[in-house]
Amino acid sequence: MIFTEPMQQVVAVVLDHHADAVTKELLRLGLLHLVSITEVDRNIDSKVEAVTPKVAETLVAEIRRRIEGFYDMVEEKIPSGEDLKVEDLQAVDLEETNKVLDALAAGVQAIRDRQSARQQEILRLTDIQRQLELFGSLGEVVEARSQYSYLSVHTGSIRGSLFDSFQAAMGEIPSVMMEIGIQNNQTLLLLITMKRDEGLVDRVLDKFGWTDAQLPQELSGKKDQVRAELAHKLQLLHDEQEELKTQAESMIREKLPILEQLWRNLRLNELYARVQSFFSKTARTVIFSGWLPTNKRTVLTEAVRSATGDRCYLEWHPGREVSREHPASVPVQMHNPKFLSPFQMLVTNYSVPEYGSIDPTPLVAVAYLIMFGLMFGDAGHGAVLLVLGILGSLLYRGTRTGVRNLLRLIAYCGGAAVVTGVLFGSYFGMQWFPPLWFDYHGVVAGHGGRGLVTDIYGILLITIYFGIAVIALGLALNWVNCVVKRRWFRLVFDKGGLIGGWIYAAGVYAAMYFVRHDYRQLPDANLLILLIGLPVFLLTAKPVLEYLLHKPRKSFTLLTPVDFFMEWIVEILEIFSGYLANTLSFMRVAGLGIAHVSLMMAFFSIAGMIGGPSGSFTIGSYLVLIAGNALVILLEGLSAGIQSLRLNYYEFFSKYFSGSGRAYAPVTLRKTSA
């Protein structure tokens, strides 16, 4: 768990007529991280040619994503592919599949076009409704029609026998039409439209023989009727929109069984094509190469031999041998328990560790939670995060692993805050129970409190000690990595190597000695020469040895010793300034913890100021405390999470982490791609 999984590379040669069976077997196992055969032999390109899959992976993937788009339209879960079986693989007819999808897309698009048209009507009627509300009566609307630039108002009549046809024609234009009465077989109407539709309206009026007339005085105040007519039309359009949406969803849902069957076969063909895209061939053979965990070697060997009737050739290369010359070429599998997956996510977000090096996930889990707890030390606030994280994990129905890991991380951070909150005796900014370690609130408030720490300097000292421990651990991990990777020069002379660690330890000792003697006395000069002067002197050999070991072709000139001297000076400055900055950086842990407490004290002070005359809390006081706690949980929780991540990345990882690896990613049926 502390080191990356040992890997082996296989180079396989099989007869060309066994390629199909071998491909299916590789898919079934899902173990092989396939690579180009040129990674094994860069000169082999002239002797082999690439295998062309029967269908292009990119085309199949594109059609698969089209199907997933239909699933998104009806908010249905996309098939996961977890239960795909190689035995179900069938030849795919891309043209026929596209025809099925095109027909469904055309049907859905027709409904969407109708929805779009109805939406335009809704928007125009809403405009009419909004403009109409600017007037107190219909009479004012009619009087304003000549100068008002948005509404167009008509009052007039048409023959009664044409009313139904006229109403149908006007139904294509966003409008409000109110029947006023009937005189001499003429239907009197009030018609309100938008000014921008006036050209369409005039053509309809001319077609049906519209005759202008005056609005009867008694109808001038009946604005409510027009308002009701508008509301009725809008409701009908909204209902039609919902009906169209239901029709589109029903159309897709009816096809879901077919879509799922197509998706599954497309996914199988996509993965099949992906495997074969790594194959190369000669006249009668197929060659491929890939990586897999060492403990799976026997499984793959037996599977390939079974698929080929034992007519194959397998050549194995241990990862440790390949990594000596090409460390970045070996894929990395990080083998951690599932409960550490949120912290593995933090590591891989930074980078994938180099093959054969330490996997820091367990160490990051401990360091991250301690940092977060010290910065967010309140049991009440931690309990809120813990509950939110657990509920989020239980209620989340998505398929994104990153989201699920983030929710789990929130729960872990909440648990850490609960522990430190109990140690500090802090519960929503109050001391319900005595602290088990020290009274953080009392220390920040200036009255010392109870416990082992009685002032701010004590809190700062805790974080400094913690920072020293983290940096020392990072140095130790770097030494282990150097030994494992046989990087002896780096082990000794790197600023994170033995000499760098020696200088850091000496600096820590000298600083502690100085502080303990009231900032007035340093260690004995002879001791300082031994502790600091000697390793600094030994570093003078670094540029010289680098020149001899790594730059043998560079000519030696009179300026070369000057270069050596300048490199030595720069190295010393980097070591001293770097380690000092790294150590002091951990004071931000104390800073955020103090800010957390100070904010809660401020909110309690505000609550008391708006409380009753006797100092009792009122409803307003409690509202301030609730809002204050919510704000502190949100802002301080975010700040603590970010700063914990920063300290891990820049102060811990920088001492030992080599993020040049590539993740182990076998072609498998058990995962889906984006």
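Every number here is computed from the coordinates shown, using simple stated rules; none is lab data. What you are looking at is a predicted structure, and each value in this text was computed from that prediction instead of being measured. Cβ coordinates were reconstructed from backbone atoms using ideal geometry, including for glycine residues, and neighbour counts include every protein chain displayed.
Points to keep in mind about this one:
- Rounded if a/c under 1.5, otherwise prolate or oblate - the stretch 594-661, Cα gyration tensor axes: prolate
- Placing unit charges on the Cβ atoms only, positive for Lys and Arg and negative for Asp and Glu, gives the stretch 384-539 a dipole magnitude near 860 debye about its Cα centre.
- With θ taken as phi - 60° and the Karplus curve 6.51 cos²θ - 1.76 cosθ + 1.60 applied, the whole-hertz 3J(HN,Hα) list for the stretch 460-474 is 4, 5, 4, 5, 5, 4, 4, x, 4, 5, 5, 5, 4, 5, x Hz, x standing for glycine and proline.
- Backbone HN-Hα couplings from phi across the stretch 163-179 [Karplus 6.51/-1.76/1.60, Hz, Gly and Pro as x]: 4, 4, 5, 5, 5, 5, 5, 6, x, 7, 10, x, 7, 10, 10, 10, 7
- In degrees, nearest ten, helix 94-132 long axis to first principal axis of the chain (Cα): 60
- Of F657, V22, V480, farthest towards positive along the dipole that unit charges on Lys, Arg, Asp, Glu beta carbons give the chain: V480
- Look at the Cα gyration tensor of the stretch 350-444: its axes a ≥ b ≥ c give a/c of at least 1.5 with a/b at or below b/c, and that counts as oblate.
- Subset of K77/K233; K296/K655; K24/K99; K85/K245; K85/K338; K485/K542 violating a 31 Å alpha-carbon distance limit: K77/K233; K296/K655; K85/K245
- In order along the stretch 13-29, phi translates into HN-Hα couplings of 10, 10, 5, 4, 6, 9, 4, 5, 5, 5, 4, 5, 5, 5, 5, 4, 6 Hz, rounded to whole numbers, per the Karplus curve 6.51 cos²θ - 1.76 cosθ + 1.60 with θ = phi - 60° and x for Gly and Pro.
- Ordering of 31-43, 2-14, 363-375 by packing [mean C-beta count within 10 Å, highest first]: 363-375, 2-14, 31-43
- Separation of alpha-carbon centers, the stretch 1-33 and the stretch 339-406, rounded to whole Å: 33
- Between 0 and 90 degrees, the angle of helix 223-276 with respect to the longest Cα principal axis of the chain falls at about 40 degrees.
- Where only DSSP H runs of four or more residues are counted, the chain gives -19000 deg cm²/dmol as its mean residue ellipticity at 222 nm, each run worth -39500 (n - 2.57).
- In degrees, nearest ten, helix 341-350 long axis to first principal axis of the chain (Cα): 80
- Unit charges at the beta carbon, dipole of the stretch 355-459: most positive-side option, V384, T401, Y457: T401
- An oblate overall shape is assigned to the chain, the ratio a/c of its alpha-carbon gyration tensor axes (a ≥ b ≥ c) being 1.5 or greater and a/b not exceeding b/c.
- Base-10 log of normalised Debye intensity for the stretch 10-64 (one unit scatterer per alpha-carbon) at q = 0.13 Å⁻¹: -0.44
- A cut-off of 5 Å between modelled amide H atoms, ignoring neighbours fewer than 5 places along the same chain, links S152 with T193, M194, K195.
- The listed peptides 352-362, 289-299, ordered by packing as a protection proxy, come out as 352-362, 289-299 (highest mean of other Cβ atoms within 10 Å first).
- Positive-end residue of L256, S280, Q186, charge dipole of the stretch 172-285 with Cβ unit charges: S280
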